[in-house]
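First the structure, in the form of structure tokens, and then the observations on it.
The values are calculated or read from the model by the stated rules, or taken from the named source; none is laboratory data. Just so you know, these numbers come straight off a predicted model, no measurement behind them. Heads up, the Cβs are rebuilt from the backbone with ideal geometry, glycines too, and the neighbour counts pull from every protein chain shown.
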Ligand SMILES: NC(=O)c1ccc[n+]([C@@H]2O[C@H](COP(=O)([O-])OP(=O)(O)OC[C@H]3O[C@@H](n4cnc5c(N)ncnc54)[C@H](O)[C@@H]3O)[C@@H](O)[C@H]2O)c1
């Protein structure tokens, strides 16, 4: 039976990398049908709404979406569309894998880390955010719940078990943020105790950043709260050659949205300079989510071989190819099997 997914092209480089990614998915013969829906600036122009109801309805119906990056308009009271989508669909686990690719400017050759970031609470909810009447004081409440901490930690341990990984690192700042980070750590410890087959370690976030830069091979799966996870996962992307190679899955009980970690890159939009690999690697996460593991593996291997051969790759990887030529080179390898 074919599976329909919602596709949001996004803006900036979004349409270019989405077109390239869908061509590669076609070559993989995944049996996917696409329902194209709009969000962000194109939706604002057409429907007067950054997230129109038909788009939300499509995601509710299909339960899986592949999404290009969306520019958040500055000012005018707009919230981040990405944060809103995560809240609306309760996409509580943001799963960001990074793997060193030979042939890139990666700082290390043997990094293979998955960051699982809590996606629906913490500092990014900016609860009760306000600036005082005299303009001198800004405040914003950070809320951590037992439920949010429990489900994201359980997701990380289940992921580790399912994918044969050995260790989960609980990253926190409970020594200073004793209430909020303390609650996350307490709950995460309780979950970890249910997984005696997976090694668990605890690490303070600042020490984690230093160790990631100096000795990243010691990490396997990291689970942490929203703000720490956002920063750590970009740091990890830097270890393996940059944002052009960093995918992310937003997982909830009722829906999942797959996307590149990078944004809409307005500085290179429309010039076919964008590396499509982050969205392609997110597509591989989506295929695994849809239980098409063989195709997910084929896609990842084709990307890896293309980068290693420096075959028509984009300038961010030191190549002189463009978005479409890069996709063509990946398609040729996918077709060779
Ligand atoms: N998930 C999302 O939709 C998402 C994520 C992050 C930022 N954004 C939005 O994107 C807009 C631009 O953000 P930004 O400029 O801070 O970050 P960005 O990730 O768009 O760009 C940062 C730098 O990385 C480069 N880059 C990014 N993706 C690339 C790719 N695939 N290939 C080659 N180079 C690439 C860009 O050219 C730029 O120099 C903002 O409006 C921001 O809110 C959206």
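Annotations for the structure displayed:
- Among the residues making up segment 210-234, those that are in a helix (DSSP H, G or I) and closer than 18 Å to residue 168 by Cβ are 211, 212, 216, 217, 218, 226, 228, 229, 232, 233.
- Test: residue in segment 195-209 that is touching a residue at least 60 places away in the same chain (Cβ under 8 Å) and in contact with a strand residue (DSSP E or B) (Cβ under 7 Å, 6 or more places away or on another chain): no
- Residue within segment 274-295 that is out of contact with any strand residue (DSSP E or B) (no Cβ under 9 Å at 6 or more places or on another chain), farther than 26 Å from residue 85 by Cα and within 13 Å of the ligand (Cβ to nearest atom) present: no
- Matching residues, segment 256-270, being closer than 26 Å to residue 320 by Cα and either in contact (Cβ under 8 Å) with a residue 12 or more places away in the chain or more than 16 Å from the ligand (Cβ to nearest atom) (or both): 259, 260, 261, 262, 263, 264, 265, 266, 268, 269, 270
- Residue 321 vs. criteria touching a strand residue (DSSP E or B) at 6+ places or on another chain (Cβ under 9 Å) and buried (at least 17 other Cβ atoms within 10 Å of the Cβ): no
- Leading residue by the ranking (nearest to the ligand (Cβ to nearest atom)) among those in segment 1-28 that are part of a loop (DSSP other than H, G, I, E, B) and without any contact (Cβ under 8 Å) to a residue 60 or more places away in the chain: 9
- Within segment 301-327, the set of residues being part of a helix (DSSP H, G or I) and either without any contact (Cβ under 8 Å) to a residue 24 or more places away in the chain or within 16 Å of the ligand (Cβ to nearest atom) (or both) comprises 303, 306, 307, 315, 316, 317, 323, 324, 325, 326, 327.
- Candidates 35, 26, filtered to the one that is out of contact with any strand residue (DSSP E or B) (no Cβ under 7 Å at 6 or more places or on another chain) and under 21 Å from residue 16 (Cα atoms): 26
- Looking at 72, 55, 84, just one residue is part of a helix (DSSP H, G or I), within 15 Å of the ligand (Cβ to nearest atom) and modelled with pLDDT under 95, and that residue is 84.
- A single member of 36, 78 is loosely packed, with under 15 Cβ neighbours inside 10 Å, at pLDDT 90 or above and not in a helix (DSSP H, G or I), and it is 36.
- Which listed residue, of 261, 213, is in contact with a helix residue (DSSP H, G or I) (Cβ under 8 Å, 6 or more places away or on another chain), surrounded by fewer than 18 Cβ atoms within 10 Å (Cβ to Cβ) and closer than 27 Å to residue 108 by Cβ: 213
- Within segment 107-200, strands (runs of 3 or more DSSP E) holding 3 or more residues that are under 23 Å from residue 88 (Cβ atoms): 112-118, 122-131, 138-143
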